[in-house]
Amino acid sequence: MKLIAMTLLCAGFALPAGDPEGFHVWKAADLKSIAKELAPKVNETHLATNPIPGIGNYSFITILRTATAAAEYHETQADIFVVETGEGTLVIGGKLVDEKTTAPHEMRGTGITGGMERKLAPGDIVSIPAKIAHQIKVDSGKQIAYFIVKVTQ
């Protein structure tokens, strides 16, 4: 009887405890399918998003854009983009045009003046610190799908 109890006790310690809270693996194939999964959800602003819960000071979003986006400014969040499919042009820095506060610590604008442009393609990774204006431009007939890590500072 002691042998059976000891065997069961040891087996219990050997069982996997499951993934830790907040742990997730995004497989390359899953990320490549962002555009396909979000395409039916594109709204009148040519945007579809899927927020993914994070933990602590970071969260995630998958995004599909089929046209130029509003310019953004996050006072307390840095963005890290991983471009999965498509192409676009990132405008970074400068000042928002027609800026409006849309949420606490968040502003949007119709564009950016004085920014620098960088072409984006699949596999590109971009880090945008908090308090830096940014906008993604998408040429007519094109689209861009990307994964964002948002880090609250």
Say the dipole of the chain comes from +1 at the beta carbon of Lys and Arg and -1 at that of Asp and Glu; which of V25, I148, A71 then lies farthest toward its positive end? V25
Carbon and sulfur together cover what percent of the accessible area of the chain at a 1.4 Å probe radius? 60 percent
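Is there a quick way to get the dipole size of the chain? I mean about its Cα centre, with the Cβ of Lys and Arg at +1 and of Asp and Glu at -1; what is the value in debye to the nearest 20?
Dipole of the chain, to the nearest 20 debye: 200 debye.
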For the chain, longest principal axis from Cα atoms; helix 2-14 axis from its Cα atoms; angle between them, nearest 10 degrees, is 10 degrees
Descending accessible area (1.4 Å probe), largest on the left, turns Y146, Y73 into Y73, Y146
With a point put 7 Å past each Cα toward its Cβ, work out how far T45 is from I80 in nm, to one decimal. 2.5 nm
Return the inverse of the average 1/r over all pairs of distinct C-alpha atoms in segment 70-153, which is the Kirkwood hydrodynamic radius, in Å to one decimal. 12.9 Å
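Anything over 18 Å Cα to Cα? Flag those among K27/K119; K95/K137; K27/K142; K119/K142; K100/K131, in the order listed.
In this structure, K27/K119; K27/K142 exceed 18 Å between Cα atoms.
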Pick from T45, T68, T85 the residue whose mean-square fluctuation is largest in a GNM of the chain, springs joining Cα atoms under 10 Å. T45
So what does log10 I(q)/I(0) come out to for the chain at q = 0.17 Å⁻¹, using the Debye formula with one equal point on every Cα and no solvent? -1.01
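The values are calculated or read from the model by the stated rules, or taken from the named source; none is laboratory data. Everything numeric in this text was worked out from a predicted model, so none of it was measured. Counting neighbours? That spans all protein chains shown, and the Cβs are built from the backbone with ideal geometry, glycine included. Calculation scope for accessible area: heavy atoms of the full protein, side chains included, ligands and nucleic acids excluded. Shrake-Rupley method; radii C 1.70, N 1.55, O 1.52, S 1.80 Å.
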